[in-house]
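Okay, structure first, notes after.
The values are calculated or read from the model by the stated rules, or taken from the named source; none is laboratory data. For clarity, every value in this text was computed on a predicted model and none was experimentally measured. Glycine also receives a Cβ, built like all others from the backbone with ideal geometry; neighbour counts cover every protein chain displayed.
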Amino acid sequence: MSGHGVIADRHRVVVIGGGNAGLSVAGRLRREGVSDIVVVEPREHHRYQPLFSHVAGGTARAGQAIRPQASVMPTGVGWIHDRVVDVLPESNRVLLGSGRELGYDHLVVCPGIQQDWQSVPGLVDAMASPWGASNYEFELASKASPLLRDLRQGTVVFTQPAGPASCAGAAQKPMYLACSYWQATGVLADIRVILVLPDAAMFGMPLIDQELERKVAEYGIDVMRESQLIEVDAVNRTAVIGRIDDRTRETVPYDVLHAVPPQSAPDWLKATALPAAGDSAGFVEVDPETLRHTRFPNVWALGDAAATTNSKSGGALRTQTLVLAKNLSAVLKGKQPAQAYDGYSVCPFTVSRSTVVFAEFDDQYHPKPTIPFWKSLARERRLTWVFDRHILPWVYWNLILKGRA
């Protein structure tokens, strides 16, 4: 289709991405009375990412984390089964992989974050080998469970990437689940567990760090702080770990490598006019409170692809979707956006096979508990395990994706 004249396929709201952010914001917009909403999503299946850690750690079945995309679409929202290759905000157009072109009155950009496996030499080969796994990809999480369960001795390396990442602390979750299992089965003493951590602190909040350091000591985990995975030799099963602040390198032989890749905005998004000039990360430039683009007033963004100040996580989306839906619907009625996102995020750390450390915080890593009278929710608890493992998945499939929670 040519770039001139009227675009036949035009919609009031086009949402890029049919993950947690896209579906829940579309559902909320419908509940606000907005019609003619379409979601562009190429994948056939919708995946509940927080459950991947439980799948990798052997505390959930893989099938519990996945459903057909068609079955989770909010009522009254259209699904365009295609992928976005470009956005032309000056002319309110979205270009799709099929060659199709969409016009929009308002655009909501939430395609998620990109896993940059190829940015670490040898990491792609390591993941394809029998000894590599990850809780950041569905297939690799399924592979991690038997790999970790069947290990009786040797060295396991868990890595957490430097830079922006979706719920970066999730890299640690399968490690604690595996250690808890090895401890219960009497083999933990024969396994060297290494965590490659990009920061000096386990998380960055004193209360949470205290809880995690206690578990690290309990399990005897060897933490390589302010370090990152530099290179992997999949054939010889060695990982080169480097200090972030200097040229120090250490080659570590491993029996299992559980890696989380560096992450960035999707390549196609980096190449559009939506990121801020000179922002190499490529995330969409938005007002961090209203979630409205700072240069294109009919473009909005949320979730991992938005250049907000908060820690990227699924937990941040519940507040973001509410704020964005209210603000966009106000603009459609000729009003000004009145809602402000407060930087809230959450990261539940599964620190054993029956307990969770529940971190709720703002964009300055200050505690931000949602139950004000329960200040000690961050402590290791059985109750938060039940919430994270059983209640939240039900809420996700039945309420969040429909824009009801």
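Structure above, values below:
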| read-out | value |
| --- | --- |
| Residue under evaluation residue 122, criteria (1) under 22 Å from the mean Cα position of the chain (by Cα); (2) farther than 30 Å from residue 8 by Cβ, criterion not met | (1) |
| Residue in the stretch 300-316 that is at pLDDT 95 or above and either polar (S, T, N, Q) or over 20 Å from residue 363 (Cα atoms) (or both) present | no |
| Meets criteria (buried (at least 16 other Cβ atoms within 10 Å of the Cβ), closer than 18 Å to residue 149 by Cα, touching a Leu at 6+ places or on another chain (Cβ under 9 Å) and aliphatic (A, V, I, L, M)) for residue 221 | yes |
| Unique match (being surrounded by fewer than 22 Cβ atoms within 10 Å (Cβ to Cβ), within 22 Å of residue 169 (Cα to Cα) and among the acidic types (Asp, Glu)) among 116, 86, 105, 36 | 116 |
| Meets criteria (part of a helix (DSSP H, G or I), closer than 19 Å to residue 323 by Cβ and outside the structural domain of residue 170 (by TED's automatic domain parsing)) for residue 377 | no |
| Residue that is farthest from residue 345 (Cα to Cα), among those in the stretch 268-294 that are among the acidic types (Asp, Glu) and either touching a strand residue (DSSP E or B) at 6+ places or on another chain (Cβ under 9 Å) or modelled with pLDDT of 95 or more (or both) | 285 |
| Verdict on residue 143 being part of a helix (DSSP H, G or I), without any contact (Cβ under 8 Å) to a residue 24 or more places away in the chain and crowded, with 16+ Cβ neighbours inside 10 Å | yes |
| Of the criteria (1) crowded, with 17+ Cβ neighbours inside 10 Å; (2) outside the structural domain of residue 140 (by TED's automatic domain parsing), which one residue 281 fails | (1) |
| Qualifying position, being free of Cβ contacts under 8 Å to residues at least 60 places away in the same chain and outside any loop (DSSP other than H, G, I, E, B), among 358, 349 | 358 |
| Which listed residue, of 204, 163, 186, 242, is without any contact (Cβ under 8 Å) to a residue 40 or more places away in the chain and either crowded, with 22+ Cβ neighbours inside 10 Å or part of a loop (DSSP other than H, G, I, E, B) (or both) | 186 |
| Within the stretch 14-33, tally of residues that are in contact with a Gly (Cβ under 6 Å, 6 or more places away or on another chain), surrounded by 20 or more Cβ atoms within 10 Å (Cβ to Cβ) and either without any contact (Cβ under 8 Å) to a residue 40 or more places away in the chain or farther than 21 Å from residue 95 by Cα (or both) | 4 |
| Filter result (charged (D, E, K, R) and either farther than 13 Å from residue 229 by Cα or surrounded by 19 or more Cβ atoms within 10 Å (Cβ to Cβ) (or both)) within the stretch 248-278 | 255, 267, 270 |
| Subset of the stretch 240-267 [of a type in the set (A, V, I, L, M, F, W, C) and within 25 Å of residue 280 (Cβ to Cβ)] | 240, 241, 244, 259, 260, 265 |
| Output for the stretch 115-139, where each listed residue is in a helix (DSSP H, G or I) and either touching a residue at least 40 places away in the same chain (Cβ under 8 Å) or of a type in the set (S, T, N, Q) (or both) | 117, 118, 119, 123, 125, 126, 127, 128, 138 |
